[in-house]
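The values are calculated or read from the model by the stated rules, or taken from the named source; none is laboratory data. Because the structure is predicted, anything quoted here is derived from the model rather than measured. Cβ placement follows ideal geometry from the backbone for every residue including glycine, while neighbour counts extend to all protein chains displayed.
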Amino acid sequence: MDKKIGQPKASHKRFLAHNFTTTHHAIDKLSEAIFRHLGVLIAPIGDGEIHRVDDPNGKPGNLACWYVCHLDGVPSCTFGNWRTGERYSVSAGGISCEITARELRAESIARDHRRKTVLLSAQAQTARRAQSLWESSEPASALHPYLTRKQLPVLSIRVMGGWLLMPMWDIAGTLVNIQRIDNSGNKRFLKDGRITGCFSLVGAASLPTSGRLYVAEGWATAATVYAQTRLPAVAAMNAGNLKPVAMALQQRYPELDLILAADNDHRTPGNPGITKATEAAQAVGGGLVWPQSCGDDCTCTDFNDVANCRRAS
């Protein structure tokens with residue numbers, strides 16, 4: 001009987017028996033089984049989640065091997081190699097805990113669905129909070145320390161408790177988040193609020209459907225670009241969001257002439273400001289501009305920095 005159980009089936013599945021006495025013993029035995037059949041030496045995590053690890057016979061980072069281990073109740077583990085089709089199960093007393101490929105996919109899809117549901121619920125709650133804060137706040141004053149230091153106009157932003165409130169909209173025009181900026185320039189988003197693909201609009205009551213639109217990294221940069229060009233701009237709020245924002249704008253309004261107004265992070269290796277803006281411009285076939293440094297020891301990185309530096313000189 002034992003010999004029969006130990007033989008591989010046509011589907012490359014095996015059922016392996018071990019006797020486990022303690023949790024540490026169970027982990028040791030599960031680790032031995034995984035190493036013996038996959039050549040992977042690990043201490044498996046018994047959280048019931050799918051974990052991916054490298055196939056030692058492949059290139060680094062291939063993540064072809066996987067395992068799912070449970071240490072509560074009867075310790076058990078199912079593991080295999082996606083590339084070869086191997087799949088094995090091991091549990092105490094020879095009790096099979098086999099999970100088929102279809103069940104693994106269904107479990108993964110269900111888990112992703114649960115996570116997405118939780119995320120969407122949190123984002124919706126944050127959007128309601130953003131709307132409430134916006135409606136309860138007051139129009140900002142040009143005398144706010146941040147605006148005074150940056151030499152910026154108010155431009156349809158609000159204030160609450162000393163914090164400036166910069167609204168963030170999605171492409172459909174829904175308020176989904178707020179960036180708060182204090183007197184010192186410290187910035188905070190609302191917890192769990194949407195950011196990717198969302199933006200703050202400067203210099204217009206609503207998004208234009210055609211003509212030139214600048215896409216900047218920060219709100220101060222967008223406000224400076226508007227003040228200098230009298231053309232609307234949007235602030236993506238971070239370099240990594242430039243491309244998602246530009247692509248969302250192009251998809252919704254293909255007649256827009258998008259110009260990426262990059263930060264010039266010339267003192268940072270790789271210049272992430274220009275690098276990310278270039279990626280965004282290439283993705284939408286848009287233009288690209290960036291501020292020139294003021295001199296050899298210049299610390300200015302964005303259009304607002306340069307504008308204020310030149311005013312000082």
Residues of segment 252-281 being among the small types (Gly, Ala, Ser) and surrounded by 14 or more Cβ atoms within 10 Å (Cβ to Cβ), in sequence order, are 261, 262, 273, 277, 280, 281
Quick one: what pairs do we get from segment 81-92, first residue under 15 Å from residue 53 (Cα atoms) and free of Cβ contacts under 8 Å to residues at least 60 places away in the same chain, second of a type outside the set (Gly, Ala, Ser) and in a loop (DSSP other than H, G, I, E, B), C-beta under 7 Å, 6+ apart or different chains?
81/55; 83/55
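Just checking: which of the strands (runs of 3 or more DSSP E) contained wholly in segment 124-200 hold 2 or more residues that are surrounded by fewer than 18 Cβ atoms within 10 Å (Cβ to Cβ), without any contact (Cβ under 8 Å) to a residue 60 or more places away in the chain and not acidic (Asp, Glu)?
In segment 124-200, the matching strands (runs of 3 or more DSSP E) lie at 187-189.
Yes/no per residue for (1) farther than 22 Å from residue 23 by Cα; (2) in a loop (DSSP other than H, G, I, E, B); (3) among the charged types (D, E, K, R):
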| residue | (1), (2), (3) |
| --- | --- |
| 36 | no, no, yes |
| 42 | no, yes, no |
| 45 | no, yes, no |
| 62 | yes, yes, no |
| 73 | no, yes, no |
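Does segment 240-258 contain at least one residue that is aliphatic (A, V, I, L, M), assigned by TED's automatic domain parsing to the domain that holds residue 200, under 20 Å from residue 300 (Cβ atoms) and under 17 Å from the mean Cα position of the chain (by Cα)? Give the steps one after another, and end with the answer.
First pass over segment 240-258, keeping only residues aliphatic (A, V, I, L, M): 242, 245-249, 256, 258.
Next, from what is left, pick out any that are assigned by TED's automatic domain parsing to the domain that holds residue 200: 242, 245-249, 256, 258.
From the residues that got through so far, the ones that are under 20 Å from residue 300 (Cβ atoms) too are 242.
Of the ones still in play, those that are also under 17 Å from the mean Cα position of the chain (by Cα) are 242.
The answer is yes; a qualifying residue exists.
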